[in-house]
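The values are calculated or read from the model by the stated rules, or taken from the named source; none is laboratory data. Remember, it's a predicted structure, so these values are computed and weren't measured experimentally. Heads up, the Cβs are rebuilt from the backbone with ideal geometry, glycines too, and the neighbour counts pull from every protein chain shown.
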Amino acid sequence: MDPSQSENTELIIMLILYALPVVALVVFGSIGGMAERRHFASIRLREQTGPQIPMVAVRKCDPNRAVAESRLVTGSVVVSLDYFKRFLASLRNIFGGRVRSYETLMDRARREATLRLKEQCLGADIIMNFRIETSALANTRGKKGAGGVEVLAYGTMVRYLPMEATPPPLG
């Protein structure tokens, strides 16, 4: 075999070994970024057009109004981090600083879980005792770090009787 052909073959193999992972990270990172932008656009639209129900952390209802219905409502979502963002986050772990990819992941998950909760509460006047819980889902390959996050939003949906149907307080 000609020495120049051997060098060309080695060069091609080196390009495949080193350039292909970089290209794959860029391509899949772009696809993940597009999916994230579409999800954020969907969230913004649903926040504007969906039910506008107040949510409070207070445990007690208005004592001057009679409750027609109350029940526990939940909204849950599991969101995964793409490999490109996971790679960038691992670099941040080395050098320190804010991990913006995890911040956007958590923002998306919280907002989506809250929207799913509100979609179960049509006709509600308020959501009382509103809470959000998060849990990190570990990678299945035994590596450290989160493979995704689960966010659970929950509270008590309250629908009051109309004011004219509410009896006056005893006293």
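Of all the residues in the stretch 66-84, those that are touching a residue at least 60 places away in the same chain (Cβ under 8 Å) and assigned to a loop (DSSP other than H, G, I, E, B) number 2.
Of everything in the stretch 112-164 that is crowded, with 18+ Cβ neighbours inside 10 Å and in a loop (DSSP other than H, G, I, E, B), the residue that is modelled with the lowest pLDDT is CYS121. Is one or more of the residues making up the stretch 89-99 surrounded by 15 or more Cβ atoms within 10 Å (Cβ to Cβ) and either at pLDDT 80 or above or in contact with a Gly (Cβ under 9 Å, 6 or more places away or on another chain) (or both)? Among the residues of the stretch 89-99, at least one is surrounded by 15 or more Cβ atoms within 10 Å (Cβ to Cβ) and either at pLDDT 80 or above or in contact with a Gly (Cβ under 9 Å, 6 or more places away or on another chain) (or both), which makes the answer yes. Scanning the stretch 1-26 for residues that are more than 34 Å from the chain's Cα centre (by Cα), of a type in the set (Gly, Ala, Ser) and modelled with pLDDT of 80 or more yields no hits at all.
Taken across the stretch 13-22, residues that are closer than 21 Å to ASP107 by Cβ and in a helix (DSSP H, G or I) do not occur at all. Restricting attention to the stretch 79-130, the residues that are within 27 Å of SER30 (Cβ to Cβ), more than 15 Å from the chain's Cα centre (by Cα) and charged (D, E, K, R) add up to 3. The listed residues are PRO63, PRO167, and the only one of them that is in a loop (DSSP other than H, G, I, E, B), modelled with pLDDT under 80 and over 20 Å from the mean Cα position of the chain (by Cα) turns out to be PRO167. Can you find a residue in the stretch 45-55 that is part of a helix (DSSP H, G or I), surrounded by 10 or more Cβ atoms within 10 Å (Cβ to Cβ) and free of Cβ contacts under 8 Å to residues at least 60 places away in the same chain? So far as the stretch 45-55 goes, yes, one or more of its residues are part of a helix (DSSP H, G or I), surrounded by 10 or more Cβ atoms within 10 Å (Cβ to Cβ) and free of Cβ contacts under 8 Å to residues at least 60 places away in the same chain. Residue count for the stretch 5-22 under the criterion of being under 20 Å from PHE84 (Cβ atoms) and either touching a helix residue (DSSP H, G or I) at 6+ places or on another chain (Cβ under 6 Å) or not hydrophobic (A, V, I, L, M, F, W, C) (or both): the result is 2.
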